[in-house]
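**Student:** One structure coming up, written as structure tokens, with questions to follow.
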Amino acid sequence: MSQPQFGQRAAYGANDVCYRHATRQSFTLCNRCGKTLCPECQVEHPVGVICPDCVHDLRPARSSQVKSFGKSKLRAISLAETPVTNTIIALCAVLWVAQLLLPQTTAALWFAPLHATPYAFEPWRMLTSIFVHSPSFLFHILFNMYALYTFGRELERMLGRVYFAALYLLSGLGGSLFVMWWAGVSPSAMLVPTVGASGALFGVIAAIFVVYRKLRVNATSIAVLLGLNLVIGFVPGSNVSWQAHLGGMVFGAVTMLLLFKFGRHQKHRPLVVAALLAVLGVIIVATVVFYTLTPQLVAR
């Protein structure tokens, strides 16, 4: 009888014990080296379950690979392999210049909760606002685009173009959703406009945090980055939408968890599509409910 291939289920045998815990029986095998793993030693990875030794082996290999490339090579790879990230950065830059030259551009693209009501119904602004920055604050767009270039390209390489685009858009829409529903708590926010590019970016960074945690990589620096930028939104006079940040972070993390759970195997593609549509459905339903309840909110 032939031996089972890596990752296949097999009947227990005398040697079917965890390579790190000799008293624990298991038939789960490392998808990279074939060692037997108990649940405690299983590490989820985009290629499947791997062992802690392979996690350790992969890290220096990846680091060495990165160090072997020159700056021009890294630039060529980013342009060739991350078209979605590059397109978002280019679009945001073009719109920012347009905002400087044509001030009415900002007002045409920003989003306020009023735009999800019967009184000024323009729901597409929930999407257009996620590509807009404050035209009066250069650091705003520079920081966001640098962070997107740093985290977005890594995430796009991991997820692929379509899934990364879906994550970015759902994160941005989630940020707009939180901005919208905050008007239900504070009706005075109904007319407050928001440029929501940071909300989408928070979703990207939250997704990277989820990936690091799943792969058991130290994610302290990512957590600190998220925490500090979220706290800034609560500082009086900061003029930062913490609602968009929080919404983007929540929807980015949830979307990444779904992609990590179902998106590693081709056979799970229908489940991934269904999960992403479910997240979009939540946003649509919540928007419809807000639209329906608007007369009551205005009456308050």
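The values are calculated or read from the model by the stated rules, or taken from the named source; none is laboratory data. Remember, predicted model here, so these are calculated numbers, not experimental data. Glycine gets a Cβ as well: all are built from the backbone with ideal geometry, and neighbour counts include every protein chain shown. We work out accessible area using only protein heavy atoms, side chains counted, and drop any ligands, DNA or RNA first. Shrake-Rupley method; radii C 1.70, N 1.55, O 1.52, S 1.80 Å.
**Student:** For the range 83-299, what is the relative contact order in percent, using Cα pairs closer than 8 Å and at least 6 residues apart in sequence?
**Tutor:** 24
**Student:** Under a cut-off of 18 Å between alpha-carbon atoms, report the aspartates and glutamates in cross-link reach of residue 35, not counting same-chain residues fewer than 8 places apart.
**Tutor:** 16, 44, 53, 57
**Student:** Considering only protein heavy atoms and a 1.4 Å probe, what is the carbon-and-sulfur percentage of the accessible area of the range 83-299?
**Tutor:** About 73 percent, which is the carbon plus sulfur part of the accessible surface.
**Student:** Please compute the per residue accessible area over the range 82-173 with all protein chains in place, 1.4 Å probe, rounded to a whole number of Å².
**Tutor:** Averaged over the residues of the range 82-173, the accessible area is 45 Å².
**Student:** If you take the beta carbon distance between residue 16 and residue 157 as r and set R0 to 35 Å, what does 1/(1 + (r/R0)^6) give as a FRET efficiency, to the nearest 0.05?
**Tutor:** Between residue 16 and residue 157 the formula returns 0.45.
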